[in-house]
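The values are calculated or read from the model by the stated rules, or taken from the named source; none is laboratory data. On a predicted model such as this, the values are computed, not experimentally measured, just so you know. Cβ placement follows ideal geometry from the backbone for every residue including glycine, while neighbour counts extend to all protein chains displayed. Accessible surface areas use protein heavy atoms only, side chains included; no ligands, DNA or RNA. Shrake-Rupley method; radii C 1.70, N 1.55, O 1.52, S 1.80 Å.
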Amino acid sequence: MKKNNRRLSIVLLEDIPFDKLIPKLEKAFSIKLPYKDDKGRDIARATMEGYSLEVVDRIDRLGDFLCDDFHILYIILNSEDDFNSSFEDSISKNLKEGNIKWKYATWSRLSESEDWRRIFPS
């Protein structure tokens, strides 16, 4: 198994409050997504088999100038071996079946400071 260094960032088009978005994502992925305030912004995290999820609220309560236009769903792979089109298809299927609207998704590499073990501590 190769060490993970990939993150899929998905821009969500759900124009609903964060606390209404979380149950939709929980249902779509069949998980519990507990969330908490992290320096003024709600963030939900869950670890699943093969990957971890992080959902970031578009609203930042520290100031309007920090708010984003969209909620973001990050998916962080546990292994480089899962970086393939089948994985992307399964994520897309979950979003579609959960009736979750999204704009686009992009892959990026995690930097050393963004190691998934630090983002999702055990």
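Would you calculate a helix-derived [θ] at 222 nm for the chain, using -39,500 (n - 2.57) for each DSSP H run of n ≥ 4 and dividing by the full residue count, to the nearest 500?
Per the formula, -7000 deg cm²/dmol.
How big is the chain along each principal axis, measuring the range of its Cα positions in Å and listing the largest first?
For the chain, the Cα extents along the three principal axes come out at 42, 33, 24 Å.
Could you give the accessible area per residue of the range 51-91, probe 1.4 Å, as a whole number in Å²?
I get 49 Å² per residue for the range 51-91.
Under 5 Å between amide hydrogens, which residues at least 5 positions from R41 or on another chain qualify, with H placed 1.01 Å from N in the peptide plane?
Residues meeting the criterion, in which the H sits 1.01 Å from N, are R61.
Could you pull out the pairs from K39/K96; K36/K101; K32/K93; K20/K101; K36/K96 whose alpha carbons sit more than 20 Å apart here?
Going by Cα-Cα distance, K39/K96; K36/K101; K36/K96 fall outside the 20 Å limit.
Net charge near G98: determine it from the other residues with C-beta under 12 Å of the C-beta of G98, scoring Lys and Arg +1 and Asp and Glu -1.
Cβ neighbours under 12 Å give a net charge of +2.
Heavy atoms only, probe 1.4 Å: what % of the accessible area of the range 4-117 goes to carbon and sulfur, would you let me know?
49
When the Karplus curve 6.51 cos²θ - 1.76 cosθ + 1.60 is applied with θ = phi - 60°, which whole-Hz ³J(HN,Hα) does each residue of the range 47-60 get, with x for Gly and Pro?
Result, ordered by residue: 10, 10, 5, x, 6, 10, 10, 9, 10, 10, 5, 6, 8, 10 Hz.
Please identify which residues in the range 37-53 have an amide N closer than 20 Å to a label point set 7 Å out from the Cα of F83, following the Cα→Cβ vector.
48-53
Can you list the aspartates and glutamates whose alpha carbon is less than 13 Å from that of K24, not counting same-chain residues fewer than 8 positions off?
K24 reaches E14, D15, E97.
Helix 85-97 versus the longest principal axis of the chain: what is the Cα-based angle in degrees, 0 to 90, to the nearest 10?
Helix 85-97 sits at roughly 30 degrees to that axis.
Quick one: what are the phi-derived ³J(HN,Hα) couplings along the range 31-43, Karplus 6.51/-1.76/1.60 with θ = phi - 60°, whole Hz, x for glycine and proline?
Those phi angles translate into 9, 9, 10, x, 9, 8, 6, 10, 6, x, 10, 6, 9 Hz.
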